[in-house]
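Quick notes on the structure that follows.
The values are calculated or read from the model by the stated rules, or taken from the named source; none is laboratory data. Everything numeric in this text was worked out from a predicted model, so none of it was measured. Backbone-built Cβ (ideal geometry, glycine too); neighbour counts: all protein chains shown.
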Amino acid sequence: MPDLDQFFLLNLIADALLLWALARVRGQALSLRVPLAALLGALYATAAMLPGFAWLGGLPGEVGAAALMVAIVRRPHGWRPLLVDCGVLMLLAAALAGLALLASGVVGSGGASGHVAALCAAAVLFWLACEGFVRWQRAGAQSGSVRDLRVQLLGRSVALPALVDTGLQMRDPLTGTPVVIVELAALRRVLPRELGAALARPALAASAEVAAAAAADDRVACALRLMQLRTVGSDAEWLFGLRARARAGRAAPQDVVLCLTPRRLSPNGAFVALMPLKMCVLGEGVVS
């Protein structure tokens, strides 16, 4: 039986690295769910090595443990996204194992120091490969219809990658200012904590909490709006919005309403906002 302390630590590091890579490749912001899921995975692998618990190490147990870790990190809606994420995790695990074998052949695996050096080299190569893939993925999106959007909100400034949506024609019915749809997670550090927590719930169900957060901050009370979003093939959705200033690329700053949605707008994180075509400048590769 291997040293359980070392076995647990090795599995914890490997699971954390794989789950971090899964979140990065799938465009998800990192959170404490990654180390939590890695801890559960390491505990499972260690428990399977104990006498009397060998049945945990079978294929159903391993698949179940992987699915549980993916569910904790990704929180997929339905079986299909869960299966896709599990498949991505398996591919990442195979890539990490291949890099570990390659590093063992180059660095050498003689003794404990050789194993540690090979694992460290494999981890560094794996990290570089994942970061390179994410940058390539985002660069490909930037070369298309994704543009930088600089937002001034509640006295703070934040840059967001925004997709130019030619079908987005919403305007504030009172002022006529254009509407930009933004992922709530992208503005978490800008919003007051109570307001951010309330906006994570459906708009009409969180109206009391949002009103309380607005009453505690005059800036929020002055900027707050309630908008109805209509899309083809789906029911109308109510979203809270905040009046702000925004500049798309080289265009002049203008007043907008940021409609905040708790849903993800891009599965790979290439963009976190949707903005109308009229906010862009001619000659930026968006308007022909």
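Based on this model, can you work out whether Ala203 counts as modelled with pLDDT under 80 and surrounded by 20 or more Cβ atoms within 10 Å (Cβ to Cβ)?
On the way: modelled with pLDDT under 80: yes; surrounded by 20 or more Cβ atoms within 10 Å (Cβ to Cβ): yes.
Yes.
Given the options Ala273, Ala212, name the one that is at pLDDT 85 or above, in the same structural domain as Leu153 (by TED's automatic domain parsing) and either of a type in the set (Phe, Trp, Tyr) or farther than 26 Å from Ser145 by Cβ (or both).
The unique qualifying residue is Ala212.
Looking at (1) out of contact with any Phe, Trp or Tyr (no Cβ under 9 Å at 6 or more places or on another chain); (2) of a type outside the set (Phe, Trp, Tyr); (3) more than 23 Å from Ala129 (Cβ to Cβ), which is the one condition that is false for Gly61?
Just one mismatch for Gly61, condition (1).
Would you mind telling me which numbered condition in (1) outside any helix (DSSP H, G or I); (2) loosely packed, with under 13 Cβ neighbours inside 10 Å Pro76 fails?
Result: Pro76 fails condition (2) only.
Answer yes or no as to whether Ala129 is of a type in the set (A, V, I, L, M, F, W, C), at pLDDT 85 or above and not assigned by TED's automatic domain parsing to the domain that holds Ala244.
Here the answer is yes, as Ala129 does meet what is asked.
Are there any pairs, at least 6 apart or on different chains, whose C-beta atoms fall under 7 Å, with the first in the stretch 98-127 and within 16 Å of Asn11 (Cα to Cα) and the second at pLDDT below 70 and of a type in the set (Val, Ile, Thr), and if so, which?
Ala118/Val107
Mind telling me which of the residues Leu163, Leu174 ends up being over 30 Å from Ile13 (Cα atoms), among the aliphatic types (A, V, I, L, M) and surrounded by 15 or more Cβ atoms within 10 Å (Cβ to Cβ)?
Testing whether each residue is over 30 Å from Ile13 (Cα atoms), among the aliphatic types (A, V, I, L, M) and surrounded by 15 or more Cβ atoms within 10 Å (Cβ to Cβ) leaves just Leu163.
Within the bounds of the stretch 41-58, is there any residue that is over 23 Å from Ala100 (Cβ atoms), buried (at least 19 other Cβ atoms within 10 Å of the Cβ) and either among the hydroxyl-bearing types (Ser, Thr, Tyr) or within 31 Å of the chain's Cα centre (by Cα) (or both)?
Scanning the stretch 41-58, I find no residue that is over 23 Å from Ala100 (Cβ atoms), buried (at least 19 other Cβ atoms within 10 Å of the Cβ) and either among the hydroxyl-bearing types (Ser, Thr, Tyr) or within 31 Å of the chain's Cα centre (by Cα) (or both), so the answer is no.
How about the stretch 144-237: which strands (runs of 3 or more DSSP E) wholly inside it have at least 2 residues that are without any contact (Cβ under 8 Å) to a residue 24 or more places away in the chain and under 16 Å from Ala273 (Cα atoms)?
Ranges flagged: 156-165.
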